[in-house]
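Here the structure is laid out as structure tokens; the discussion comes afterwards.
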Amino acid sequence: EKEQEFLSRFLVDFDQRKKSGEFYGVALFKDDNTRRLYTNYAASLASLCVVLRDRGDMQGTLDAWRFALLLQPFQNLYFTYNLGVLFAQLGMRDSAYIYLSQIDARDPALMVQIGSVFANTGYYDKAIEYFQRAIGMNPRFTQAYSALVMTYLSKDDKASAVKVLEDWLAINPTDTNARNMINEIRGQ
């Protein structure tokens, strides 16, 4: 509470900015019991978010996720990822970018998921970065190569798409689909 009172004194629009989820790090906790209670509230709000999203109430979903983030005592991958995806679905590209960029992903599948959201919102270079990181984590991860090729093609960068397919063929020389795709891209 002291942090909030302090911030509200010198930030004129603190309440509005806090409502929009900007002050994630503002502590709302007093002791371990209160922290556990807030964590339970945040988990319940996450369930509410799924129901609201399924009903098409995007504003309600957004408000519930933001509130859940304020109650969560530590950064939660599930909350941050879902809020980023929700922003992307709402066409709020910059907000999606901010939330998804906060995630320290160490799983190639999650890297591809995040990269796919970036690609779908037009942040192709950021998507390429995530797909390449996924390949670095697991050089045989088919989905990362596929997503990378599709992103390069979306950018109309055929040379880079062919290079990715050639890299894939270097470790999977019997993949006829990749060979056929190279021929198709080259117009052969």
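Just a few scattered comments:
- Relative contact order %, the range 73-124, counting alpha carbon pairs below 8 Å whose residues are six or more apart: 33
- Carbon/sulfur fraction of accessible area - the range 25-145, other protein chains in place, 1.4 Å, %: 51
- The alpha carbon radius of gyration of the range 41-188, expressed as a multiple of 2.2 N^0.38 Å, is 1.22.
- In the full protein context, the range 28-73 carries 57 Å² of accessible surface per residue, based on a 1.4 Å probe and ignoring ligands, DNA and RNA.
- Its relative contact order, with pairs defined as Cα atoms under 8 Å and 6+ residues apart, puts the range 83-159 at 24 percent.
- Note: relative contact order over the range 51-184, using C-alpha pairs below 8 Å and six or more positions apart, is 13 percent.
- Surface exposure of the range 134-184, expressed per residue as accessible area with a 1.4 Å probe, stands at 57 Å².
The values are calculated or read from the model by the stated rules, or taken from the named source; none is laboratory data. Since the model is a prediction, treat every value here as computed from it, not as a measurement. SASA here: full protein model, heavy atoms, side chains in, ligands and nucleic acids out. Shrake-Rupley method; radii C 1.70, N 1.55, O 1.52, S 1.80 Å.
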